[in-house]
Amino acid sequence: MAYWKVLVCFLTVTSVLMSAGYTMLIPFLPMYLIEELGVSTAEVNIWSGIIFSSTFLISAIMAPIWGALADKKSHKAMAVRASVCLAIGYVWGGFVSTPWELFAMRCFQGFSAGLWPACLAIMTSTAPREKMGSCLGIMQGGMTAGGVLGPLFGGVLAEVFGMRMSFFVAAGALSIISLGLIFFVKDSAQPRPKASEQKRGGSFALLKVPVIARMLFAAGVVQLAVMLVQPVLPLYIAELQGSMDNIVLVSGVVFSVVGISGVIASPIWGRMGTNIGFRWALYVALLGGGIFFAGIFPAINALLAENTLPSERGRVYGLSYAAQQVGSVAGPILGGLIATYSSNAIVVMAHGVVMILLVIFMYLKRPKDVDPGNGMAINAEAFASDDKDR
């Protein structure tokens, strides 16, 4: 079997464990703050927003730096570094006793960011171009599967063994990822930059490419819309059921159900993007919002890969991750403020409004001349100075 086929299987399993390790904490974080760390009910929304956002704020700063280092040195080394540090962070989270200690732990995890961008860079630098959409769709399906299993598993662990156990299980999942990356993934030498690549400069020079700038903007706004809802959803569910009884378990089930269709749909969306064009697949997925959410990030990631050189993938995915982290900073804070001064129901409605406005904006800003074969602009902006190298 070709190495790239085995690699996509491994990175998909990595995506499952990585996503599950993160999402198993989401359903009970407000309860963890109240019951374990002594935060009052009146302040829990604000604390949840701050603690969620701290990781993402620091990630937004560090991701482009780690991405540039990955392109210069090694995508594998950056992936191992991130997974080991995240595992240490989760162990730390299981021992915290105050909300400020949890805040410090989340800051450390933000500094350690870069595992998912490194995995994307490894895959897009290895997979054949005609299979890239399918590979990214399968990996996104793994992320979604982790999102399905994580909250349910975390809810069960919290109910049976206590909420701190979920942190230790997440640390175990990241440790398994670290070992797999060390012993399985090949660390190929980074290609020497060509003259056309050297002209483009560092990470932020990529922001001058219009198609890349649009995709980064879309990634950030989508993540903002997602994170508007997540910090307040357990409390919204409690309102709907009229009590806090079994709220951790119920929240885990609700978070899991939302992602089940995404596990099946992500590879399909990857193939659809290859056939009809990733740009149009992105429009449809954005318009469908939660229903078609599985198609959004495979399309964005494939478009970023199509418009960059292999030696730029670490940087562009670092920027994409940074854009998502900016959305993840703004989302919980905005969601917490809306919930505090209006209601949790309004927060849920705001998610849909943001997604509709985004697809309108993306359509109005679309390239005027499009190659129907792949959905990209003819003589696309990204290829202006180096068509022959791409």
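The values are calculated or read from the model by the stated rules, or taken from the named source; none is laboratory data. Predicted, not measured: the structure shown is a model, and the values here were computed from it. Positions of Cβ are backbone-derived with ideal geometry, glycine not excepted, and every protein chain shown enters the neighbour counts. Note: accessible area is taken over every heavy atom of the protein model, side chains too, but ligands, DNA and RNA are not part of it. Shrake-Rupley method; radii C 1.70, N 1.55, O 1.52, S 1.80 Å.
Please find, among T55, T41, T98, the residue that is at pLDDT below 85 and over 16 Å from the mean Cα position of the chain (by Cα). After applying the criteria, what remains is T41.
Yes or no, residue by residue, for (1) among the hydrophobic types (A, V, I, L, M, F, W, C); (2) in contact with a strand residue (DSSP E or B) (Cβ under 9 Å, 6 or more places away or on another chain); (3) at pLDDT below 85; (4) closer than 24 Å to P128 by Cβ:
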| site | (1), (2), (3), (4) |
| --- | --- |
| G295 | no, no, yes, yes |
| G314 | no, no, yes, yes |
| G318 | no, no, no, yes |
| G331 | no, no, yes, no |
| H351 | no, no, yes, no |
| Y363 | no, no, yes, no |
| R366 | no, yes, yes, no |
| D369 | no, yes, yes, no |
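Of all the criteria given as (1) farther than 29 Å from I138 by Cβ; (2) modelled with pLDDT under 75; (3) among the aliphatic types (A, V, I, L, M), the one not satisfied by V263 is (1). Among the residues of the range 72-94, are any in a loop (DSSP other than H, G, I, E, B) and either open to solvent by 20 Å² or more (accessible area, probe 1.4 Å) or over 18 Å from G314 (Cβ atoms) (or both)? For the range 72-94, residues in a loop (DSSP other than H, G, I, E, B) and either open to solvent by 20 Å² or more (accessible area, probe 1.4 Å) or over 18 Å from G314 (Cβ atoms) (or both): present. The conditions of being farther than 25 Å from L216 by Cα and of a type in the set (A, V, I, L, M, F, W, C) are met by V6.
Of all residues in the range 1-50, those satisfying the criterion of being small (G, A, S) and in a loop (DSSP other than H, G, I, E, B) are A2, G38, S40. Among the residues of the range 117-129, those identified as modelled with pLDDT of 80 or more and of a type outside the set (V, I, T) are P117, A118, C119, L120, A121, M123, S125, A127, P128.
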